[in-house]
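Here the structure is laid out as structure tokens; the discussion comes afterwards.
The values are calculated or read from the model by the stated rules, or taken from the named source; none is laboratory data. Worth saying up front: this structure is predicted, and the values here are computed from it rather than measured. Methodologically, a virtual Cβ is constructed for each residue, glycine included, from the backbone with ideal geometry; neighbour enumeration extends over all protein chains shown.
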């Protein structure tokens, strides 16, 4: 048996859609055919590609490593097709941006609106991904810009930071703590608190501050994204401390903002490919990002 192009296509589709049914629909074949081809591929490779939980598939570490090579070849073909279409339409300007969901909702719309005012011919593609998947895709797919919370190194790429001020306290509009202009750690004693996930780097920083002060908050719910946390706060579930971009965005959505007395600087980590692969439009987009970030910082200084 030899490795076939069809098996690679099926593997790539299942990795993207995390479902044999969705992969089959995309490829115009049947779910049993996809499942059979996957098992034959695993038999040929000598290791499992997916952990199976009923109808759910979870890629193994081996699958993630293999897909890092497979996706590069697929993205290369997709990029060729995209450029050819752009040329046909007399428009070869296209930016692909990968971002955390919080930035895609609270920050990039402001940047895109301003950028496109003077460059309406540019097509923007925003890919919203969680941190782990985002890092994986930045190293295996073709993006012009990546926005992450944590920093990381990658071959043929550079990283830089954008300062966006400090983390901000977010509260329901009618919460008792809104009577204060700034909140100290002791103000949170016994309060219902909306937490980020354990692996979130800023949650660890905040937790250490409260632990040092001997302050105990009441755990009421945990959310994986800043937008999820702020939505909980807006609904009155509890209070929290989030990044300034999402806090500013939710100020018009039923959330009150207050300064945290302990400064915790917040930065965006900006990923870009090697200079030889950069476009002028990407340079301009990054410039607009910095402008908008500075405006958010200035807006929140009045807290």
| field | Options 221, 237; residue that is over 17 Å from residue 150 (Cβ atoms), out of contact with any helix residue (DSSP H, G or I) (no Cβ under 7 Å at 6 or more places or on another chain) and either assigned to a loop (DSSP other than H, G, I, E, B) or in the same structural domain as residue 185 (by TED's automatic domain parsing) (or both) | value | 237
| said: Can you tell me how many residues within segment 261-303 are assigned to a loop (DSSP other than H, G, I, E, B) and modelled with pLDDT under 90? | reply: 6
| What is the number of the single condition among (1) out of contact with any strand residue (DSSP E or B) (no Cβ under 8 Å at 6 or more places or on another chain); (2) touching a residue at least 24 places away in the same chain (Cβ under 8 Å); (3) assigned to a loop (DSSP other than H, G, I, E, B) that residue 210 does not meet? | (3)
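Residues checked against (1) assigned to a loop (DSSP other than H, G, I, E, B); (2) closer than 20 Å to residue 229 by Cβ:
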{"position": "164", "(1), (2)": "no, yes"}
{"position": "170", "(1), (2)": "no, yes"}
{"position": "174", "(1), (2)": "yes, yes"}
{"position": "186", "(1), (2)": "no, no"}
{"position": "190", "(1), (2)": "yes, yes"}
{"position": "195", "(1), (2)": "no, yes"}
{"position": "198", "(1), (2)": "yes, yes"}
| message | Against the condition out of contact with any strand residue (DSSP E or B) (no Cβ under 6 Å at 6 or more places or on another chain), part of a loop (DSSP other than H, G, I, E, B) and either at pLDDT 95 or above or outside the structural domain of residue 239 (by TED's automatic domain parsing) (or both), how does residue 215 come out, does it pass? | response | yes
| helices (runs of 4 or more DSSP H) fully within segment 1-50 counting 3 or more residues that are within 20 Å of residue 61 (Cβ to Cβ), touching a residue at least 24 places away in the same chain (Cβ under 8 Å) and not assigned by TED's automatic domain parsing to the domain that holds residue 129 | 5-17, 31-45
| field | segment 184-209: number of residues that are on the phi > 0 side of the Ramachandran plot and surrounded by 14 or more Cβ atoms within 10 Å (Cβ to Cβ) | value | 0
| field | Restricting segment 86-117 to residues that are modelled with pLDDT under 85 and assigned to a helix (DSSP H, G or I), the residue that is surrounded by the most Cβ atoms within 10 Å (Cβ to Cβ) | value | 86
| request: Go through (1) in the same structural domain as residue 293 (by TED's automatic domain parsing); (2) modelled with pLDDT under 70 and name the single condition residue 123 misses. | output: (2)
| request: Scan 148, 178 and give me the residue that is modelled with pLDDT of 85 or more and outside the structural domain of residue 245 (by TED's automatic domain parsing). | output: 148
